[in-house]
Amino acid sequence: MPAAVIMEENFDKQLEQCEAQELEAPGGIATPQVYAHLLALYLLHNDMNNARYLWKRIPQAIKTANPELSAIWAVGQRIWQRDFPGIYTTIAAFQWTENILPVMEALRESTRQRAYGLVAQAYTSITADDFAAFVGYSVEEAVNGVVSQGWQADPTTRMVMPKKPDPPPVSSVPNEQQLARLTDYVAFLEN
């Protein structure tokens, strides 16, 4: 099994464990470490609604006493604002503890992969500087990375031309089944 799949399953288990620890906490208030880990895992899973509601239910005293928790929320705010360069700089600006560091590194990498996908879908060409800011690399690293993925880069104009992603396969529905669905739909509208 690839390492990325194993890590993803591990993060899913960690998320379940942290949610259980929060629910089973005495007095309904978990430790700052549980809150920090749970918030980072929500951000990793791009679950912004649960991250926001977790931030709202964390007691103010815990928020102010734990700078790492505030730093994780600062990353969440950048994600919410879709500020890709800000996400990378906010992650790099803090010295994470050893239990949060792997989650934040995975968050940086998943954000980078999401940025690659968004650029591939939205752009026919983009300047190398803008693209590097989107993916959190230097211009040289970004250009070398896209060329290795089959994209094109023009050094004279400093433009990157993304390779369009393959369209998802279209599921073919047999004609009889399609006709039956249409008949049921029209019959429903008439009644």
Inset, instruction - Answer with yes or no whether Pro165 is in contact with a helix residue (DSSP H, G or I) (Cβ under 6 Å, 6 or more places away or on another chain), in a loop (DSSP other than H, G, I, E, B) and modelled with pLDDT under 90. - result: yes
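Within region 83-123, can you find the residues that are of a type outside the set (Ser, Thr, Tyr), part of a loop (DSSP other than H, G, I, E, B) and open to solvent by 30 Å² or more (accessible area, probe 1.4 Å)?
Within region 83-123, the first condition is being of a type outside the set (Ser, Thr, Tyr), and the residues that meet it are 83-87, 91-96, 98-109, 112-115, 117-122.
So of that shortlist, the ones also part of a loop (DSSP other than H, G, I, E, B) come out as 83, 94-96, 98-100.
Across region 83-123, the qualifying residues are Asp83, Phe94, Gln95, Glu98, Asn99.
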Exercise for review: Determine if region 138-157 includes at least one residue that is touching a strand residue (DSSP E or B) at 6+ places or on another chain (Cβ under 6 Å) and assigned to a strand (DSSP E or B).
Suggested key: yes
Residues of region 109-123 being closer than 21 Å to Leu41 by Cβ and of a type in the set (A, V, I, L, M, F, W, C), in sequence order, are Ala115
Expected output for region 131-150 (first residue among the polar types (S, T, N, Q), partner open to solvent by less than 60 Å² (accessible area, probe 1.4 Å) and not in a loop (DSSP other than H, G, I, E, B), Cβ below 8 Å, 6+ apart or cross-chain) is Ser138/Ala132; Gln149/Tyr116
The residue from Leu69, Leu15, Leu41, Leu54 that alone is farther than 30 Å from Asp129 by Cβ, open to solvent by 20 Å² or more (accessible area, probe 1.4 Å) and in a helix (DSSP H, G or I) is Leu15
Checking Ala74, Ala132 in turn, the sole residue that is open to solvent by less than 30 Å² (accessible area, probe 1.4 Å), assigned to a helix (DSSP H, G or I) and over 22 Å from His45 (Cβ atoms) turns out to be Ala132
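Only one of these is under 30 Å from Gly27 (Cβ atoms), within 22 Å of the chain's Cα centre (by Cα) and of a type outside the set (Val, Ile, Thr): Pro85, Pro102, Pro165. Name it.
Going through Pro85, Pro102, Pro165 in turn, just one is under 30 Å from Gly27 (Cβ atoms), within 22 Å of the chain's Cα centre (by Cα) and of a type outside the set (Val, Ile, Thr): Pro102.
The values are calculated or read from the model by the stated rules, or taken from the named source; none is laboratory data. Just so it is clear, the model here is predicted, and its values are computed rather than measured. No Cβ is skipped: glycine too gets one built from the backbone with ideal geometry, and neighbour counts run over all protein chains shown. Heavy atoms of the whole protein, side chains included, go into the accessibility calculation; ligands, DNA and RNA do not. Shrake-Rupley method; radii C 1.70, N 1.55, O 1.52, S 1.80 Å.
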